[in-house]
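J.: Pasting in a structure now, in structure tokens, and then I'll have a few things to ask.
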Amino acid sequence: MTIRTLFVDDCFGRPETDPRRQKVDLLKAIEGVSVEELDATRLFEFKQARKSRTDIFDLIFVDYKLSTDASDVEGFSTGDQCESLVRAMCSDTPVYLLSVEVAAEREFERPEGFERQVGENFLSNPQNVYKEISNHKELRLALESGDCKQLFSAMGCSDDLVKSDITEALPARVRRCFNTASVSRQSGPPIVHGTKGARVEFCRWFIDLFYKHPGFLLDDRATANLLGMSLEYFTKNIVNQFEAARYKGVFSHTLCPRWWTDQIKECVLDLDDNGILLSKSLAEGAAIILGVPEGEKARCVRCEKLWPDALGFVQDDAHRNLHPVHIRCSIPDPEADLGAYFTSPRLIIDDESASH
Ligand SMILES: [Zn+2]
């Protein structure tokens, strides 16, 4: 497979010792990878040149920090505007925002208009680019086939109950694209097939649904909380025991680990030789079964008592960093309503309106 990438940057005068330059050069050295580089100041010319050839790239990277000098000349000032110019010609190609400042655990977030943001480390391993493009292709094939089985296969999901729940959780517009049992679909191609931009929309939907919102999949923090322990203890001491529950589907190579919620629970049940979970909550029972030391057991950030049963962010925290909290020590976030299959983060407030 030959993969075709485009890098839009305004610093192509970078010296050979520049880390970005070196990473792009590494990528170029891989057989079967074509790398086209475009100076951001020449974007308008690019638009002309591509008029008759859409979607010739598999993945496009746009550098976030476009220098103001170039921007003034060409009439755009941000990566966003740059993205919309690229998108105008390559509507079905994923566009990634490349930035040195992205923390790994936030790479699933997508600034307006982009499918994802990625940090420098994404390019450190050229194979990431290859895998990422393969994953996009898998998702596209699933969408174009209109067959749910292909979607589940792309996700590595084998549990029938989970499959059924995922089908239910699909937004109506997406569900209509698949031949699900619960929705009668007229014969013929799926409704979004061939629609301009539908494939990247599907990709956005996928990452939002499975990486952004805890539900079918949990990140390390949510998994640690579910198992009644601190995040640090989970990642240092426990994580290897749950390998069977690790999500290995599309985008798992390049995004922070995710865990199948149902599989985590099953793993704990399998380890529970003494029937501890018959009389304890999952968090308390798991902490006993896994031998979590007292100081590493999960505690509520607000009341400091054991077994927080949710994650929440402190009011006014612009970054919305999540902390373990009791449901009783927090309130629902009025802005979040994710439906039955997902858990919205709670709002941790200071005053006494959160009743004990
Ligand atoms: Zn509490």
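J.: Would you confirm whether any residue within region 146-169 is modelled with pLDDT of 85 or more, surrounded by fewer than 16 Cβ atoms within 10 Å (Cβ to Cβ) and within 21 Å of residue 94 (Cα to Cα)?
T.: Taking every residue of region 146-169 in turn, none turns out to be modelled with pLDDT of 85 or more, surrounded by fewer than 16 Cβ atoms within 10 Å (Cβ to Cβ) and within 21 Å of residue 94 (Cα to Cα).
J.: What's the number of the only condition in (1) closer than 22 Å to residue 282 by Cα; (2) not in a strand (DSSP E or B) that residue 324 fails to meet?
T.: (2)
J.: If you don't mind, there's one more thing I want to ask. Here are some residues: 209, 217. Which one is in contact with a Ser or Thr (Cβ under 9 Å, 6 or more places away or on another chain), within 24 Å of residue 168 (Cα to Cα) and away from the ligand (no atom under 16 Å from the Cβ)?
T.: Among 209, 217, only 217 is in contact with a Ser or Thr (Cβ under 9 Å, 6 or more places away or on another chain), within 24 Å of residue 168 (Cα to Cα) and away from the ligand (no atom under 16 Å from the Cβ).
J.: Please specify each residue of region 272-288 satisfying the condition of being part of a helix (DSSP H, G or I) and buried (at least 17 other Cβ atoms within 10 Å of the Cβ).
T.: 277, 282, 283, 284, 285, 286, 287
J.: Mind counting the residues in region 243-260 that are farther than 17 Å from residue 152 by Cβ, surrounded by fewer than 20 Cβ atoms within 10 Å (Cβ to Cβ) and touching a residue at least 12 places away in the same chain (Cβ under 8 Å)?
T.: Number satisfying all stated conditions: 4.
J.: Still on this structure, please answer the following. For region 170-223, enumerate the residues that are farther than 24 Å from residue 134 by Cα and modelled with pLDDT of 85 or more.
T.: Those that are farther than 24 Å from residue 134 by Cα and modelled with pLDDT of 85 or more: 214, 215, 220, 221, 222, 223.
J.: Return the total of residues in region 237-271 being in a helix (DSSP H, G or I) and over 17 Å from residue 104 (Cβ atoms). Walk me through it before giving the result.
T.: Within region 237-271, the subset in a helix (DSSP H, G or I) is 237-245, 261-271.
The next check asks that each one be over 17 Å from residue 104 (Cβ atoms); those that pass are 237-238, 240-245, 261-271.
Number satisfying all stated conditions: 19.
J.: State which residue is farthest from the ligand (Cβ to nearest atom) when the search covers only region 289-301 and only residues that are surrounded by fewer than 22 Cβ atoms within 10 Å (Cβ to Cβ) and in a loop (DSSP other than H, G, I, E, B).
T.: The extreme case among them is 291.
J.: For region 303-333: of the residues being within 9 Å of the ligand (Cβ to nearest atom) and among the basic types (Lys, Arg), which is farthest from residue 213 (Cα to Cα)?
T.: 305
The values are calculated or read from the model by the stated rules, or taken from the named source; none is laboratory data. For clarity, every value in this text was computed on a predicted model and none was experimentally measured. Methodologically, a virtual Cβ is constructed for each residue, glycine included, from the backbone with ideal geometry; neighbour enumeration extends over all protein chains shown.
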